[in-house]
Amino acid sequence: MANLTSAEIQKQQDFNEEMLPHLDAIYNFALRLTADPNDAEDLVQDTIVKAFRFFSSYEKGTNAKAWLFRILKNSYINNYRKKSKQPHQVDYSEVSQYYESVRSEQSETTDLEDLMYREMMDDDVTTALTELPEDFRTVVLLCDVEGFTYEEIANMLDVPIGTIRSRLHRGRNLLRVRLTEYAEKRGFNRD
């Protein structure tokens, strides 16, 4: 951390303390949005860069996970949903020292993708979730997988709570229909 002021060092320490514990969760969410590990990694990196750049607007001690999810969702909308010819570019030299220090501090990671695919869901269940329309899938993932409240999700997505409830209800119903088909294909009865 050569040539950094004490304020910059404190910012990095505060950022590490508040934000880095949520890296696995935001990667897992990014993977569900993009369905591609490389795109998910890019989205997480973009999220971390933006979070660090705008960390001064974050109120320390509040819900850091929700703040990161909102940045990630906005980045996803801006970078992946729009089919722009040139993707958003980050000046790597601005954050390279910090990014490299974060990477070197990460000694043990939890492979949530592997855990989910091997132990919790098989291909049909994952496919059913992935095939939900994006608005429904996002709300189901944020509520049922990540455990956010309706209010937190509404704030992240900038939509009214009633819309969240509606999307969640419809998304769960669509998922239930797909999973019922899945269960019947495997011989489970609806008795």
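Observations on the structure shown:
- Of Glu59, Glu41, all but one fail to be surrounded by fewer than 18 Cβ atoms within 10 Å (Cβ to Cβ) and either under 23 Å from Asp158 (Cα atoms) or modelled with pLDDT under 85 (or both); the exception is Glu59.
- Single unsatisfied condition, Ile48 versus (1) modelled with pLDDT of 90 or more; (2) open to solvent by 70 Å² or more (accessible area, probe 1.4 Å); (3) not polar (S, T, N, Q): (2)
- Counted as qualifying within the stretch 76-191 are the helices (runs of 4 or more DSSP H) with 2 or more residues that are open to solvent by 100 Å² or more (accessible area, probe 1.4 Å), more than 23 Å from Lys65 (Cα to Cα) and modelled with pLDDT of 85 or more, namely 161-185.
- Unique residue being over 23 Å from Leu129 (Cβ atoms), open to solvent by 60 Å² or more (accessible area, probe 1.4 Å), modelled with pLDDT under 90 and out of contact with any Leu (no Cβ under 7 Å at 6 or more places or on another chain) when the list is Ala35, Ala2: Ala2
- Residue match in the stretch 14-21 (condition: of a type in the set (Phe, Trp, Tyr) and farther than 29 Å from Leu132 by Cβ): yes
The values are calculated or read from the model by the stated rules, or taken from the named source; none is laboratory data. None of these values were measured; they are calculated from a predicted model. With ideal geometry, Cβ positions are generated from the backbone for all residues, glycine too; neighbour counts draw on all protein chains shown. Side chains included, ligands, DNA and RNA excluded: accessible areas come from the protein's heavy atoms. Shrake-Rupley method; radii C 1.70, N 1.55, O 1.52, S 1.80 Å.
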